[in-house]
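Here's the structure we're looking at; comments come further down.
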Amino acid sequence: MTPEGEIAATIHVRGGVISAIAALDDLPKGSVVHEAHDFVVMPGIVDTHVHINEPGRTEWEGFSTATRAAAAGGITTLIEMPLNSIPATTTVAGFREKLAATAGKLWVDVGFWGGVVPGNATELRPLWESGVFGFKCFLVPSGVEEFAHVTESDLRGALPELGALKAPLLVHAELPGPIAEAEKKLAKADPRRYSAWLASRPRAAENEAIELLVKLARELDARIHVVHLSSSDAIATLREVKSDGQPVTVETCPHYLTFDAEEIADGSTEFKCAPPIRENDNREKLWAALGDGTIDFVATDHSPCPPAMKLLEAGDFLRAWGGIASLELSLPALWTEASSRGYALPRLAEWLCCAPARLAGLDKRKGTIAVGYDADFVIWNPDGTFAVDPAKLHQRNKITPYAGRDLLGVVETTFLRGRKVFDRGELSHSPLGQILRRGSV
């Protein structure tokens, strides 16, 4: 899968970098050859929305387990979110602790987002200069006390500085007001019913947050990225601001494109995430927006937790931790749904590889098979099928809403800078990943 489309070719790799893309029979004498047969050779996936939680909450996930899962799923580059670890990546000191925690644990390359929280405006430039790829904030409580949400006033204080740095701001786009109003009406709701959770996070919370972000983007010429879009009602607003040329981008997640509210059984808290998985009609509108380019790409929002926090026995949607862990399954989950809707392989490479790399400013090194780029590849069988067995997943905690689901697309081999990190079910014996820093890539 090249920028020019799908071709039969030989990829030459030297020093971990693609040195040539040549004819299929161009095999220099003495070369080590890996034959991909009729499988797809796609750029290594770039996932820009991953919660690894180390240090501080390594029992939720950690660099070793997360990057192993990534390699097994064809992901070669992760950009890790600044929250759920202790400390959060909201100061340079916290960033240094994060970097130290990676030592000897990276099976794929990992970079980092910094965080915008109330009161850390003076840390933004030092974090940027230390190598974060941009910043993340919440407009609604994040669920952890180390990462407070911001208000419009906080955004107005931070965005001019981020604009001067040309740094993107990734935003969890839900506002507290509509959520508080919805919760008032749920006093007698059965917390085991998925409908109660869905009603507690209304579309209005997303829609109004995105309207605020669009206003600020226009007023301050800010580079804003909306993470994990769930509400299809906001698509028209996003389409309009993008057509005006404002630097606003948007992602959605595999679970919003795979599941729908109608199929989620009461008590099935493995499906809980925020914003919530919405109705089937909403899902199809998200697919249409992804297809027409309003939604730029797909990222996992890999957000794991210990099993006890999912309250699986109680099935209490209102108290369970919200988050879906799917690093290892994003490629087959997306391909299963995309292929059934007639989308071809080049679209998958754009949504999972090229466009996420652009957001992080890695598009001159990652996400594309072209001369001069890192030799990061996923070789996979688009016709292979498998049933998801949670016990076989490499993530630390095995809870997944995909359990037992038949998926299309089997990852065979993953290369990181020309070296195998995963091959037919086996990981490399030692971690080969590197820390990525903005300014040095």
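The values are calculated or read from the model by the stated rules, or taken from the named source; none is laboratory data. It should be emphasised that the depicted structure is a prediction, and the values quoted were computed from it without experimental measurement. Because the Cβ atoms are built from the backbone with ideal geometry, glycine has one as well, and the counts that use them run over all protein chains shown. The accessibility values were calculated without ligands, DNA or RNA, using every heavy atom of the protein model including side chains. Shrake-Rupley method; radii C 1.70, N 1.55, O 1.52, S 1.80 Å.
Which angle from 0 to 90°, rounded to the nearest 10, does the C-alpha axis of helix 63-72 make with the longest principal axis of the chain? Orientation of helix 63-72: about 60 degrees from the principal axis. Between Arg419 and Asp383, the contour length at 0.36 nm per residue exceeds the Cα-Cα span by 10.5 nm. Could you give the dipole magnitude of segment 102-203 about its Cα centre, charging the beta-carbon of Lys and Arg +1 and that of Asp and Glu -1, in debye to the nearest 20? Dipole size: approximately 500 debye. Between segment 62-82 and segment 171-242, the alpha-carbon centres lie 28 Å apart. Leaving ligands, DNA and RNA out of it, report the carbon-plus-sulfur percent of the accessible area of segment 172-299 at a 1.4 Å probe. Of the solvent-accessible surface of segment 172-299, carbon and sulfur hold 48 percent.
Ordering of 371-377, 283-289 by packing is 371-377, 283-289, highest average first (other Cβ atoms within 10 Å, averaged per residue). Converting phi to 3J(HN,Hα) with the Karplus coefficients 6.51, -1.76 and 1.60 and the offset θ = phi - 60°, segment 283-298 yields 4, 5, 6, 5, 4, 5, 5, 5, x, 8, x, 5, 8, 7, 6, 10 Hz in sequence order, with x at every glycine or proline. For Ala20, the residues whose modelled amide H falls within less than 5 Å of its own, excluding neighbours fewer than 5 places apart on the same chain, are His12. Between the residues Leu257, Leu159, Ile379, the greatest Cα displacement towards the positive end of the dipole of the chain, with unit charges on the Cβ of Lys, Arg, Asp and Glu, is found for Leu159. GNM on the chain, alpha-carbon springs under 10 angstrom: the most fluctuating residue among Asp266, Asp301, Asp25 is Asp25. In the chain, a dipole from Cβ-located charges (positive for Lys and Arg, negative for Asp and Glu) runs towards its positive end, and of Gly94, Leu170, Val110 it is Gly94 whose Cα lies farthest in that direction. Under 5 Å between amide hydrogens, built in the peptide plane, is the criterion, and for Leu175 it picks out Glu206, Ala209 among residues at least 5 positions away or on other chains.
Is the shape of segment 173-267 best called rounded, prolate or oblate, per the rule: a/c under 1.5 gives rounded, else a/b larger than b/c gives prolate, else oblate, with a ≥ b ≥ c the square roots of the Cα gyration tensor eigenvalues? Since a/c reaches 1.5 but b/c is at least a/b, the shape of segment 173-267 is classed as oblate.
Expressed as a whole percent, the accessible area of segment 25-88 that falls on carbon and sulfur atoms is 52 (1.4 Å probe). Extension gain, His34-Thr151: 0.36 nm per intervening residue step, less the Cα-Cα distance, totals 36.9 nm.
As a fraction of the 1.4 Å probe accessible area of segment 320-395, surface on carbon and sulfur atoms comes out at 53 percent.
With R₀ set to 30 Å, the beta-carbon distance separating Lys166 from Asp292 gives a calculated FRET efficiency near 0.65. Rounded to the nearest 20, the size of the Cβ-charge dipole of segment 326-424 about its Cα centre is 340 debye, with Lys and Arg at +1 and Asp and Glu at -1. Close amide H contacts of Arg419 (hydrogens built in the peptide plane, cut-off under 5 Å, sequence separation of 5 or more or a different chain): none are found. Axis angle, to the nearest 10 degrees, between helix 152-165 and the longest C-alpha principal axis of the chain: 30 degrees.
Of all beta bridges that DSSP places with both ends in the chain, some 50 percent have antiparallel geometry. The mean accessible area for residues of the chain, using a 1.4 Å probe and ignoring ligands and nucleic acids, is 38 Å² per residue.
Look at the alpha carbon pairs under 8 Å that are at least 6 residues apart: their mean separation over the length of the chain gives a relative contact order of 23 percent. Around the Cα centre of the chain, unit charges on the Cβ atoms of Lys, Arg, Asp and Glu (plus for the first two, minus for the last two) sum to a dipole of about 920 debye.
Return, ordered by residue number, the residues of segment 386-421 whose backbone nitrogen is under 20 Å from a label point located 7 Å along Cα→Cβ of Glu6. Flagged as within label range: 386, 407-414.
Of the cross-linked pairs Lys136/Lys215; Lys184/Lys285; Lys166/Lys366; Lys242/Lys366; Lys166/Lys285; Lys185/Lys398, those separated by over 26 Å at the C-alpha level are Lys184/Lys285; Lys166/Lys285; Lys185/Lys398.
Bridge orientation summary for segment 1-79: considering DSSP beta bridges with both residues in this region, about 65 percent are antiparallel. Only DSSP H runs of four or more residues enter the estimate; each adds -39500 (n - 2.57), and after division by the residues of the chain the mean residue ellipticity at 222 nm equals -8000 deg cm²/dmol.
To the nearest 10 degrees, how steep is helix 203-220 against the longest Cα principal axis of the chain, on a 0 to 90 scale? The answer is roughly 70 degrees. The distance from the alpha carbon centre of segment 285-331 to that of segment 387-424 is 16 Å, rounded to a whole number.
Once the C-beta distance of Arg341 and Ser268 is scaled by a Förster radius of 22 Å, the resulting FRET efficiency is 0.30 to the nearest 0.05.
Positive-end ranking of Leu407, Leu432, Leu393 along the dipole of segment 388-441, with charges on Cβ about the Cα centre, is headed by Leu432.
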